[in-house]
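> Dropping the structure in here first, questions after.
Every read-out reported here was derived from the displayed coordinates using simple, explicitly stated rules and does not represent laboratory data. Here the structure is a predicted model, which means the values were calculated and not measured. Counting neighbours? That spans all protein chains shown, and the Cβs are built from the backbone with ideal geometry, glycine included.
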Amino acid sequence: MILTDKFASRSAGMKASEIRELLKLLDQPGIISFAGGIPDPALFPAEAFRRATATALSDGAVDKSLQYSASEGHVGLRAWIADHMRALGVPATLENILITSGSQQALDYLGKLFLSAGDTALVGWPTYLGALGAFNAYEPRFERLEVGDNRSGSELLEAAKAAGGQAKFAYVTPDFANPTGVTMTEAERRALLTRAEALDVAIIEDAAYHALRYAGDDAPPILALECADKGGLAGCRTVFCGSFSKTLAPGLRVGWVCADRPVIEKLVLIKQASDLHSPTLNQAIVAGVAEEVFSTHVPRLRAAYGARLAAMLAALDAHMPASVSWTKPEGGMFVWLTLPKGADAAALLKRALAEENIAFVPGAAFFADGSGENTLRLNFSMPNEAQIEEGIARLGRLLKG
């Protein structure tokens, strides 16, 4: 029996992740990969994880660690996150925090919560392809969101209505965006808040890279700015998505949402219907590690990844032809390259793998309309500085050839 003709219409928007496919190359000898947004496992706080695991499985704790738990999440972990959010300027309490299986699950839940078929999601051009994948399942249309966009709110709203839906949210990664590495200034964050008020849409603030700043001054989260304006979280339209994947370790899949209580309450219902709760043991372990080492571990990451970013920018300066431009991030994990018009980064990747044993992500995957063929994303967190120099030199040879 063939069931493909029984699939829901939304399944047509489901596509394989180019990054997940490229990650398979990591096991091939000789490949220098700039493809995945992968933390270096040599920098995982392994000893802290061993201690936290032993504690979670100790005689006094094992029953709770292996049992069902509340859909909202582990109380100790939520308390730590609430403290962390308050340090960022967001006056959060336990009731404002939901634990998710990575921030990717949060994006899926928010798509489910906000989007009906035909509604409009405002996204960057380019934007995180995992967000496009998460939202696609709910059959929205994507509209281009740019800081400084001078189209009137009425134009965007009329376009949404013409498509049979409503404008529902603006999705942004304000700090060291995936894929570009670009950071929004405080003025740009305030402008987005003003625009969201005018359009009456939510803001989904993806803060996966917020802690990974290597240069420059911190900008407050969009949610913190809105809380300051409104005197607290009540009535805030910004939904903050955080993650431990980039700071502690990705394999346990622990993230969180911080938002006004009515949003959290609805997301809890989605969580209950989806997987009941995130793994209890994983949450207990992450709570222990965060409590013990987060404040000392993040500076270690900043030093290591900051040196790798500096190495990549120096190598690009040394080896790229004049026709290629790139972003100069102050943090995160990515540098974004723009090739001359007419260049095809997907075709370049095939040559890069065959001729130079290097991998990267072609940029078209990050555009909702599939454009951006002449762009590509480079990751600098996984390769070491010697590999970065060698890999960029090989890429430069291809581009000059």
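> What residues have an amide H closer than 5 Å to that of T100, excluding those fewer than 5 places away on the same chain, when H is modeled at 1.01 Å from N in the peptide plane?
HN-HN under 5 Å from T100: G255, W256, V257.
> Work out the length of the dipole vector of the chain about its Cα centre, built from +1 on the beta-carbon of each Lys and Arg and -1 on the beta-carbon of each Asp and Glu, and round it to the nearest 20 debye.
Values: 38 positive and 45 negative charges, 91 e Å.
Dipole magnitude for the chain comes out near 440 debye.
> For the ranges 198-208, 257-267, what's the packing order if you count other beta-carbon atoms within 10 Å of each residue, average per peptide, and put the highest first? Intermediate results must be reported in sequence, preceding the final value.
Numbers: 198-208: 22.5, 257-267: 20.1.
Those peptides, ordered most packed to least, come out 198-208, 257-267.
> Here is a follow-up. Can you list the aspartates and glutamates whose alpha carbon sits under 20 Å from that of K112, skipping same-chain ones fewer than 8 residues off?
E72, E139, E143, D200, E205, D206, D260, E265, D275
> Quick one: among V361, V324, V335, which has the greatest mean-square fluctuation in a GNM of the chain with alpha-carbon springs under 10 angstrom?
In the Gaussian network model the winner is V324.
> Quick check: convex hull over the Cα atoms of the chain, volume per residue in Å³, rounded to an integer?
Roughly 165 Å³ of hull volume per residue.
> Would you please give the residues with an amide H less than 5 Å from that of W125, counting only those at least 5 places away or on a separate chain, with H modeled from the backbone geometry?
So W125 has HN proximity to L145.
> Still on this structure, please answer the following. In whole angstrom, how far apart do the alpha carbon centroids of segment 26-80 and segment 316-384 sit?
So the two Cα centres are separated by 31 Å.
> Which of K246/K341; K168/K266; K64/K271; K230/K271 have a Cα-Cα distance over 22 Å? Before the final figure, lay out the partial values.
Details: K246/K341 33 Å; K168/K266 16 Å; K64/K271 20 Å; K230/K271 28 Å.
With Cα atoms farther than 22 Å apart: K246/K341; K230/K271.
> Also, quick follow-up: Positive end of the dipole of the chain, charges at C-beta (+1 Lys, Arg; -1 Asp, Glu), about the Cα centre: which of I222, L199, T173 has its Cα farthest in that direction?
The one lying farthest along the dipole's positive direction is T173.
> Say we join alpha carbon atoms closer than 10 Å with springs in a Gaussian network model of the chain; which of A167, A52, A70 then has the biggest fluctuation?
In this elastic network of the chain, the residue with the biggest mean-square fluctuation among A167, A52, A70 is A70.
> By the gyration tensor of its Cα atoms, with a ≥ b ≥ c the square roots of the eigenvalues, what is the shape of segment 69-293: rounded for a/c under 1.5, prolate for a/b over b/c, or oblate?
Prolate, since a/c reaches 1.5 and a/b exceeds b/c.
> Here's something else I'd like to know. Using amide H atoms built in the peptide plane, which far-off residues or other-chain residues are under 5 Å from D119 H to H?
Residues meeting the amide H criterion: R141, Q166.
> Rounded to the nearest 20 debye, what is the charge dipole size of segment 69-293 about its Cα centre when +1 sits on each Lys and Arg Cβ and -1 on each Asp and Glu Cβ? The partial results should precede the final answer.
Values: 19 positive and 27 negative charges, 63 e Å.
Once rounded to the nearest 20, the dipole reads 300 debye.
> When a footprinting reagent is the concern and you count Cβ atoms within 10 Å, what order do W336, W326 take, fewest first? Can you show the working numbers first?
Details: W336 23, W326 20.
With the sparsest Cβ surroundings first, the list reads W326, W336.
> Then there's this: Within 15 Å, Cβ to Cβ, of G89, how many net charges do the neighbouring residues add up to if Lys/Arg are +1 and Asp/Glu are -1? Could the numbers behind the result be given before it?
On the way: positive: R86, R189, R190, K230; negative: D83, D175, E186, E205, D217, D218, E226, D229.
Charge balance near G89 sits at -4.
> Can you work out the Karplus-derived ³J(HN,Hα) for every residue in segment 259-264? Use 6.51 cos²θ - 1.76 cosθ + 1.60 with θ = phi - 60°, whole Hz, and x for glycine or proline.
Couplings: 6, 4, 4, x, 5, 4 Hz.
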